[in-house]
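The values are calculated or read from the model by the stated rules, or taken from the named source; none is laboratory data. Everything numeric in this text was worked out from a predicted model, so none of it was measured. Glycine gets a Cβ as well: all are built from the backbone with ideal geometry, and neighbour counts include every protein chain shown.
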Amino acid sequence: MKPELNLDHLIRTMENGLSEYLNLDPLMIGIHTGGVWIAESLHRTLQMSEPLGTLDINFYRDDFTRIGVHPEVKASHLPMDVNERHVLLIDDVLHTGRTTRAAMNVIFDYGRPSSIKLAVLVERNGRELPVQPDVVGTSLRLDARQHVKLSGPESLSLNIAEKAA
């Protein structure tokens, strides 16, 4: 049985969780691709004062030789200085923790932030690295054959599917 994934409700849950950090005047950064889609919605709704930053982490992954680097590499864009700033890092799905680790490496190449708070739409089981989110839309326990996929950017949808054998 698949759990119900109401995307609007999950994003509102994230908005509520992120609101406690807004007094820090944080920078919001989305991880390509799904994290940017979620970050765009959150950035607009939370009326963030700084422009939205985006990260492509493909060349920073420690497992890209195993999973393959997609030929469609997107540029990272941080239109602000991260030094001594609080960062809200947004992603769609936290699974192994490797994407988050790579994103932090990219951020530290740009400077040294005061803090990084991780907000994810979906946290699922199967962590390989000690990465924990600060804000979560929902937590799911899935078996190894299942994966969560955010599709978009027009008309975002979140689905759980079985991996092909």
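Can you tell me which residue is surrounded by the fewest Cβ atoms within 10 Å (Cβ to Cβ) among those in the stretch 110-165 that are among the basic types (Lys, Arg) and assigned to a strand (DSSP E or B)? It would help to see each step written out before you state the result.
Of the stretch 110-165, the ones among the basic types (Lys, Arg) are 112, 117, 124, 127, 141, 145, 149, 163.
Those still in the list that are assigned to a strand (DSSP E or B) too: 117, 124, 149.
Values: 117: 20, 124: 19, 149: 13.
So, considering only residues that are among the basic types (Lys, Arg) and assigned to a strand (DSSP E or B), the one surrounded by the fewest Cβ atoms within 10 Å (Cβ to Cβ) is 149.
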Cβ pairs under 8 Å, 6+ apart, first in the stretch 123-149 and hydroxyl-bearing (Ser, Thr, Tyr), second at pLDDT 95 or above and not in a loop (DSSP other than H, G, I, E, B): 138/10; 138/13; 138/121; 138/122; 138/123; 139/122; 139/123; 139/124
Any pair with Cβ under 6 angstrom, 6 or more apart, that starts in the stretch 5-21 at a residue that is within 12 Å of residue 39 (Cα to Cα) and ends at one that is of a type in the set (Val, Ile, Thr) and at pLDDT 95 or above: 14/135; 15/45; 18/135
Of all residues making up the stretch 53-106, the number that are at pLDDT below 90 and under 23 Å from residue 133 (Cα atoms): 9
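Conditions tested, residue by residue: (1) in contact with a Pro (Cβ under 8 Å, 6 or more places away or on another chain); (2) among the β-branched types (Val, Ile, Thr).
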| site | (1), (2) |
| --- | --- |
| 93 | no, yes |
| 96 | no, yes |
| 100 | no, yes |
| 107 | yes, yes |
| 119 | yes, no |
| 124 | no, no |
| 132 | no, no |
| 136 | no, yes |
| 140 | yes, no |
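If I go through the stretch 33-51 residue by residue, how many of them are at pLDDT 95 or above, buried (at least 16 other Cβ atoms within 10 Å of the Cβ) and assigned to a loop (DSSP other than H, G, I, E, B)?
Residues of the stretch 33-51 that are at pLDDT 95 or above, as a first pass: 34-48, 51.
Next, from what is left, pick out any that are buried (at least 16 other Cβ atoms within 10 Å of the Cβ): 34-43, 46, 48.
Checking which are assigned to a loop (DSSP other than H, G, I, E, B) leaves us with 46, 48.
Qualifying residue count for the region: 2.
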